[in-house]
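Bear in mind that the values in this text are calculations on the coordinates, not laboratory data. These numbers come from a predicted model, not from an experiment. Because the Cβ atoms are built from the backbone with ideal geometry, glycine has one as well, and the counts that use them run over all protein chains shown.
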Amino acid sequence: MTDTRHTRVLIIGSGPAGYTAAVYASRAMLEPVLVQGIQPGGQLTITTDVENWPGDTTVMGPDLMVRMEAHAREMGTEIISDHIMSLDLGARPFVAQGDSGTTYTADAVILATGAQAKWLGLPSEEHFKGFGVSACATCDGFFYRGKEIVVVGGGNTAVEEALFLTNFASKVTLVHRRDSLRAEKIMQDRLFKNPKVEVVWNHTVEEVVGAQEPRGVEGVVIRHVDTGETTTIPCAGFFVAIGHAPATELVKDQLELHNGGYVKVEAGTTRTSIPGVFAAGDLTDHIYRQAVTSAGMGCMAALDAEKWLAEQEGETPAEAAAYAAPVDAAE
């Protein structure tokens, strides 16, 4: 028999935004339920040294998320290891279906599903995923001790991945399509000073090549953006670090999106196009995308939800249905 759980506030996602929302919602006596998703702790669980979290000169990403989860539990949040497969925002209470078979109903929802790694979209990249192609240096770097690695990208993600991989690889080649990096200057300085790193400018990755039996990466074909000349860089591993895309699969046909798929919120708030649904963190932030700003938005989402729920007290069922009517994203 399917288990059904009801909560005043359902928090979907468990990164800095989700856990902070849980702390504040718990302090507001809303007794929130937080569903962690397939990557409990979010992107910081695959990050090594975090140097821009206030109060910690440096902290390991996984350690920080363990502390945040413990804080949310201590405040009274019920944290569930489940993955939300579908979410119906057409009427209140809102209904979410978990992979476990549990149905969650909620008076308000806080979305904190974060973002997912972007891929180049190459058939060869897909073919070698898990066989030398990765988007997570901290997950897979250990397997390339003493070997040569190629990283593609030009932002903080790429530089962080490349620097981390120098702990294992004999050489790391960073391929970037432009002639300058977008990463923070302090990160660039570290990269350029590292003797294990070589940067190849003005090139794109065209193909991943390798053996078939057993399957494994042996090189990456790159193309010069001006001349079109191709070159093959020998390597045992290829890491894609071109950023992340918002995880909006649950709501892409229900909430208004903008800027390439980020959930749109009312300026200065976390309110989405459906009353009672709030969004926080990388799901909605296409500008800053920092752990500290995600945490701040999580705080805002919980406070917004608390205020909104208080305003709904005493409304009729008809009014509740009208509040939850979906907004056409095309309008």
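List of remarks:
- Contact order, relative form, for the chain: 20 percent (alpha carbon pairs under 8 Å, 6 or more residues apart, mean separation divided by residue count).
- Counting neighbouring Cβ atoms within 10 Å and putting the fewest first, the residues LEU283, LEU250 line up as LEU250, LEU283.
- The mean sequence separation of alpha-carbon pairs under 8 Å and at least six residues apart, normalised by the residue count of the stretch 123-240, gives a relative contact order of 30 percent.
- Rounded to 10°, Cα long-axis angle of helix 61-75 versus longest principal axis of the chain: 10 degrees
- Shape of the stretch 237-301, Cα gyration tensor, a/c cut at 1.5: oblate
- In degrees, nearest ten, helix 291-312 long axis to first principal axis of the chain (Cα): 20 degrees
- Taking 0.36 nm per residue of separation and subtracting the current Cα-Cα distance, fully stretching the chain between LYS129 and THR204 would add 25.1 nm.
- The stretch 1-43 and the stretch 191-233 have Cα centres spaced 42 Å apart.
- Which labelled figure in (i) 40, 20, 18; (ii) 47, 25, 20; (iii) 32, 22, 19 is semi-axes √(5λ) of the Cα gyration tensor in Å, once derived from the coordinates: (i)
- This ranking places ILE233, ILE38, ILE11 by how few other beta-carbon atoms lie within 10 Å of each, fewest first, which gives ILE38, ILE233, ILE11.
- Ordering 181-191, 262-272 by mean Cβ neighbour count within 10 Å, with the highest value first, yields 262-272, 181-191.
- Calculated FRET value between HIS244 and ALA70, using beta carbons and R₀ = 30 Å, to 0.05: 0.70
- Farthest positive-ward along the stretch 123-240 dipole, Cα basis, beta-carbon charges - from ALA183, PRO214, VAL200: ALA183
- The chain: most fluctuating residue of ALA310, ALA106, ALA241 per GNM, C-alpha cutoff 10 Å: ALA310
- Here THR204, THR173 are placed in order of increasing Cβ neighbour count within 10 Å, fewest first, which gives THR204, THR173.
- Shape index of the stretch 124-250: Rg/Rh, with Rg the Cα radius of gyration and Rh the Kirkwood radius from the inverse mean 1/r over Cα pairs, equals 0.96.
- Placing +1 on the Cβ of every Lys and Arg and -1 on the Cβ of every Asp and Glu, with nothing else charged, gives the chain a dipole about its Cα centre of roughly 860 debye.
- Measuring from each cysteine beta-carbon in the chain, the ones with no other cysteine beta-carbon under 4.7 angstrom are CYS235, CYS299.
- Nearest 10 degrees, 0 to 90: helix 156-165 Cα axis against the chain principal axis: 60 degrees
- Helix-only CD estimate at 222 nm, as mean residue ellipticity for the chain, using -39500 (n - 2.57) per DSSP H run (n ≥ 4): -7500 deg cm²/dmol
- Highest-fluctuation residue, CYS299, CYS139, CYS235 considered, GNM on the chain with Cα pairs under 10 Å: CYS139
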